[in-house]
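Colleague: Pasting a structure below so you can have a look.
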């Protein structure tokens, strides 16, 4: 369903289990950044009313996810750590050239967002199936469904606002590029890296 060209090595879950505090901190910031992406799309493209409406809902949902992750951090007696750079997102954002029309910029941002959500969904599925922590297993199962909905929403908007054939080709090219990024990652307790 997600179209990812390189699945996450299941051994990544064992890395995560060695430092649950780190994955929860990284996850919390991923949710915060997802909310920020929604706000940024509203600010940058206010003329797309349907997109704005969906982004308002997304921001609310993502910030509620941040709170859920933060609550789990607190319940385990920890505090939210500092934000870390996301090597995955940094590398991903190098794919499309800068500039172009506003529509092209919008489509590229939507495709990036779709792919980040798709990879998150894939990682959440893996955690929901493989992690030994029963509370987190259930938690990630619920979040997986939400991420899948976000992925399809962003991809749908990209196809709506861009030329469908061009968007589909860009999507396939981006998926291939993302697989190359993933070959070098997956060795840290990060949601994407």
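Only the coordinates and a few stated rules stand behind these numbers; no lab work does. Just so we're clear, the structure is a prediction, and the values are computed from it rather than from any experiment. Positions of Cβ are generated from backbone atoms using ideal geometry, with glycine treated the same way; all protein chains shown enter the neighbour counts.
Colleague: Given the condition part of a loop (DSSP other than H, G, I, E, B) and out of contact with any helix residue (DSSP H, G or I) (no Cβ under 7 Å at 6 or more places or on another chain), answer yes or no: does some residue in region 14-27 qualify?
Modeller: Yes, region 14-27 contains a residue that is part of a loop (DSSP other than H, G, I, E, B) and out of contact with any helix residue (DSSP H, G or I) (no Cβ under 7 Å at 6 or more places or on another chain).
Colleague: Okay, next question. Restricting to region 99-135, name every residue that is loosely packed, with under 13 Cβ neighbours inside 10 Å, closer than 25 Å to residue 65 by Cα and in contact (Cβ under 8 Å) with a residue 24 or more places away in the chain.
Modeller: 132, 135
Colleague: A further question on this structure: For region 142-193, what are the residues that are free of Cβ contacts under 8 Å to residues at least 40 places away in the same chain, farther than 18 Å from residue 106 by Cβ and in a loop (DSSP other than H, G, I, E, B)?
Modeller: The answer is 184, and nothing else.
Colleague: What's the total number of residues in region 76-98 that are surrounded by 15 or more Cβ atoms within 10 Å (Cβ to Cβ) and closer than 12 Å to residue 190 by Cβ?
Modeller: 4
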